[in-house]
Amino acid sequence: MAALDLSIKIAVIGAGAMGSGIAHVAARAGHTVYLYDMNAEAVARGKAGIEKDLRFLVGKGKLTEADFAATLARVVPSSRIEDLADAGLLIEAIVENLEIKQKLFRQLEELVAESAILATNTSSLSITAMGATFARPAQLAGLHFFNPAPRMALVEIVSGLATDPAIAATLYDTARAWGKVPVHATSTPGFIVNRVARPYYAEALRVLAERAATPATLDAILREACNFPMGPFELMDLIGHDVNYAVTRSVFDAYFGDKRFTPSLIQQELTLAGRLGRKSGQGFYDYREGAAKPQPVVEPAVGRVESVTVRGDLGIATPLLARLEAAGVRVTRTEGKGDVLIGGARVALSDGRTATRRAAEEGTPNLVLLDLARDYAATPRLALSRADQCGDGAWHEVVGTLQAAGIAISRLDDVAGLLALRTVCMLANEAADGVVQGIGTAHDIDTAMRYGTNYPEGPLGWAERLGVGFVARVLANLREHYGEERYRVSPLIQRCAVGGRSLTGFS
Ligand code: NAI
């Protein structure tokens, strides 16, 4: 298959936030683009928005004046649907309502050539259901851009039951020719990104519901220790709780109430209260005039120890030792199961059990657990939890020694799997289920999460780096701790953990 020839005209129906962004992308690629909306003012606003965005690119030196003028001229405002008759690809970005979209497509099918490709930018409706009323359902596919379309690289090419694979392949190549990063997905609730991203919000909400730390502290942990571009609470405030809650609900309902996707009471409360986030002035944070932004909570500075003993292999946390040494802490190495003795405390990476339970099971009361960091050699912050049995003196020795290595310590109450570790493991778990169920290949799912949400790393590749056996153990421990279906371990993770096959190689 090849990308659509530039001589083929594109029609974008719906000139709102998404439609005008998609028209921008197609016009910049070199196509003539009809921009149509039932509301003529929306078309004018849409075209003005494209002009403003293009002008911005000229200002940045990314577009010449000549290209600016030519690109803008290729966007043809259309006030009558009949104007779209000679388009070869029609991209619908109107209101998110199945019947209204089907009605529009019935009109379009009457109007355009039989070979014309019909695409929908829906983010939540089934492509299979939409196509069911079409004369030519094989011509329909999802072409799911992310907001803002000119800046977000990912496009999910979504196939319904009837979609002709050749149509999906043409859209894939066309999106690529337009400078985007396309992935193939099958029509399932949330497609790839809106499904696999659920645990990013859900785990943080759950840890907050257990009152383990403040939203600002939890946000800082995922941002600073794991390089997510935004923490979950500030991101939900930006998206809007009404929207984010509605997506969670729709995925939960669409999967027949699968506990994995259970919405959060905290978010429901915010939505009911009208605290929708930035747009309403209040959400997890207060955006009203004069409101101070809460800072993440860190442990106060305390004293350090002079030397520590590492027992065995610390695995991914090993680079911490070099940081301690650089801070003048003497590090002695002996055999063992992978922990560090700091003063009177034993410090280990979380494995999904609480510190309190592990301290009891392993007979070491002074146990402190480390959360995940993406790069222990550089992280400016680490989350720690301590067993209820752990004495204050031992805890302070750990905190002070890590602080001496330049690390801000945020304490979480003793939740299972802390925050970053359980979040990354649950993202990988969801991604793995997506692979098992054929929603996308492992490669496409990781690509989708990197380019659709700007995660620093695809969840499957990340899990592989952590060790699939370790991820499987963390998930199994979470499952046992909560006794909930939500933490069931994906069959693919179980299989790779015991069989040694690579998670990222599956398709
Ligand atoms: P929007 O509300 O900004 O724009 C929708 C436009 O469609 C409006 O200008 C409206 O006048 C027009 N419209 C409504 N019914 C129409 C009809 N029957 N015929 C012609 N025009 C009609 O909405 P937005 O945010 O651009 O969303 C559009 C679609 O894209 C929806 O399906 C949405 O789920 C999807 N989407 C939205 C994303 C977002 O972040 N806003 C991200 C990805 C997909």
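Here are a few things to note about the model shown:
- Any hit, the stretch 65-83, residues being out of contact with any Gly (no Cβ under 9 Å at 6 or more places or on another chain), more than 11 Å from the ligand (Cβ to nearest atom) and under 30 Å from SER250 (Cβ atoms): no
- Tally, over the stretch 105-126, of residues that are within 12 Å of the ligand (Cβ to nearest atom) and either outside the structural domain of ALA42 (by TED's automatic domain parsing) or touching a Gly at 6+ places or on another chain (Cβ under 9 Å) (or both): 8
- If you go through the stretch 140-177 and keep only what is buried (at least 22 other Cβ atoms within 10 Å of the Cβ), closer than 22 Å to GLY30 by Cα and among the hydroxyl-bearing types (Ser, Thr, Tyr), you end up with just THR174.
- Qualifying residue in the stretch 349-365 (condition: touching a Cys at 6+ places or on another chain (Cβ under 8 Å), assigned to a strand (DSSP E or B) and among the small types (Gly, Ala, Ser)): no
- Residues that are in contact (Cβ under 8 Å) with a residue 60 or more places away in the chain, open to solvent by less than 10 Å² (accessible area, probe 1.4 Å) and within 21 Å of THR170 (Cα to Cα) were ranked within the stretch 3-23; the one that is farthest from the ligand (Cβ to nearest atom) is ILE10.
- Residue match in the stretch 256-268 (condition: in a helix (DSSP H, G or I), closer than 22 Å to GLU96 by Cα and among the charged types (D, E, K, R)): no
- Lone unmet requirement of (1) within 30 Å of ALA408 (Cα to Cα); (2) more than 16 Å from the ligand (Cβ to nearest atom); (3) part of a helix (DSSP H, G or I); (4) in contact (Cβ under 8 Å) with a residue 60 or more places away in the chain for ASP173: (1)
- Within the stretch 208-252, tally of residues that are outside any helix (DSSP H, G or I) and aliphatic (A, V, I, L, M): 3
- Taking each residue of the stretch 270-296 that is under 18 Å from LEU205 (Cα atoms) and looking for partners that are part of a loop (DSSP other than H, G, I, E, B) and open to solvent by 80 Å² or more (accessible area, probe 1.4 Å) with beta-carbon atoms closer than 7 Å, six or more apart or interchain, yields GLN282/ARG275; GLN282/ARG288; GLY283/ARG275; TYR285/LYS293.
The values are calculated or read from the model by the stated rules, or taken from the named source; none is laboratory data. These numbers were taken from a predicted model, which means no experiment stands behind them. Note that each Cβ is placed from the backbone with ideal geometry, even for glycine, and that neighbours are counted across all protein chains shown. The protein model used for the area step is the full one, side chains on, heavy atoms only, and it has no ligands, DNA or RNA in it. Shrake-Rupley method; radii C 1.70, N 1.55, O 1.52, S 1.80 Å.
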